[in-house]
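Everything on this sheet refers to the single structure shown next.
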Amino acid sequence: MVNLAEVAGRTHEVASAMDEAKNVLVRAERVLGEQEVDHALTRRLSDVQSLADSAERVSALEQDASRKRQAAATGKDVAQSDEADRALVSAFSNSVGEAANIPSALRETWEDLADLRDRLDRSSKHLGTAAEHADALDRMPEYDGDKNLLANVRGVKGVVDKAHEAVADVVERVEAVRTITSRFEQDPRHLRSGQMAEQITSTSSRLRGELVAAQNRVREAHGPVVANKSAVEKATQQAIDGAVAAKDAERDAKDLTKSVQAATNPTPRDQQVQSSSQEELRRRLDGPAQEAGVQR
């Protein structure tokens, strides 16, 4: 009896973990398959290209400012040198502003992916515990359920782990975009010939690398989730059916135990509680007998 309760408890834990995994993978299929995520990354790549293009204008302004500074050093055209410096600072500030808008525009995408990463991580941990339960069930003589339970749990965990690895990588790359732009904003804006345009070019190149890698990972992660969907659903349903059967077996065993106890230890007649229908039947049967006795 105790072992049947343990079987029911362990199969329930396995079924719960499998059902959670199935639901998380459905969410993963939706998030990774949404065109909005892919389009968001594509739009940010367009923003990065715009940022890279601004380097050419800043480079031209740097060269102009450098020439006019040299002229101002000899006492000529000082006002023009100051004006050229202001134009350069303004153009570079615009580029910094463009870069700052990129992670802001990715905030919602990052939140969705980070939430999915955390859900996949929790599911993987629960499946790890479920695998321990399935392994224990295989070694219990009272367990007569699905012999492929452990293999199914490990198979689903493999799908979850692969999706988690990919999504975690995407989140990490989106976070790298935020770090790159933050450092670009905080760098000193000294008027040093050649540095501003180089900073823009270097920053845009690094941003492009992270965004392209993130987009590729999203597309790669979506495929396996879809390909394994039916297998995950089948394995989950088998686990649920097994848990229901184990619970029924536990209940039936309890009922049988109660029946045996009742048969071996019947309730004394004076302690039995009769139903209203039984009382009515007895009253009707006893009535004519009592009346006959009176007549005699």
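The values are calculated or read from the model by the stated rules, or taken from the named source; none is laboratory data. Please read all numbers here as calculations on a predicted model, not as lab measurements. Note that we place each Cβ from the backbone using ideal geometry, even for glycine, and neighbour counts take in every protein chain shown. Side chains included, ligands, DNA and RNA excluded: accessible areas come from the protein's heavy atoms. Shrake-Rupley method; radii C 1.70, N 1.55, O 1.52, S 1.80 Å.
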(message) If I compute solvent accessible area with a 1.4 Å probe over the protein chains, what percent of it on segment 1-71 is carbon and sulfur?
(response) 47
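Kirkwood Rh over Cα pairs of segment 1-99 into Stokes-Einstein at 37 °C, 0.692 mPa s: D in µm²/s? Could you put the intermediate results ahead of the total?
On the way: Rh = 19.1 Å.
After rounding, the answer is 172 µm²/s.
I'd like to compare 18-29, 175-186: which one has the highest average count of other Cβ atoms within 10 Å, and what's the full order after that? Let's see the in-between values first.
On the way: 18-29: 20.4, 175-186: 16.5.
Answer by packing, highest mean first, reads 18-29, 175-186.
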(request) Using per-residue counts of other Cβ atoms within 10 Å, averaged over each peptide, order 93-102, 154-163 from highest down. (result) 154-163, 93-102
(request) Mind giving me the FRET efficiency for residue 82 and residue 104? R0 is 45 Å, r the Cβ-Cβ distance, nearest 0.05 is fine. (result) 0.85
(request) Give me the aspartates and glutamates in straight-line cross-link reach of residue 247: C-alpha distance below 14 Å, same-chain residues under 8 apart excluded. (result) 6, 13, 142, 144, 255
(message) Give me the base-10 log of I(q)/I(0) for segment 119-162 at each q in 0.28 Å⁻¹, Debye formula, one uniform scatterer per Cα, rounded to two decimals.
(response) -0.92
(request) With a 1.4 Å probe and every protein chain left in place, work out the accessible area per residue of segment 72-144 in Å², rounded to a whole number. (result) 53
(request) Can you work out the accessible area per residue across segment 9-66, with the rest of the protein chains kept in place, probe 1.4 Å, in square angstrom? (result) 46
(message) Multiplying the sequence separation of residue 251 and residue 183 by 0.36 nm and subtracting their Cα-Cα distance, what value in nm do you get?
(response) 18.1 nm
(request) Compute the label zone of residue 122 within segment 8-22: residues whose backbone N is under 13 Å from the point 7 Å along Cα-to-Cβ. (result) 17, 20-21
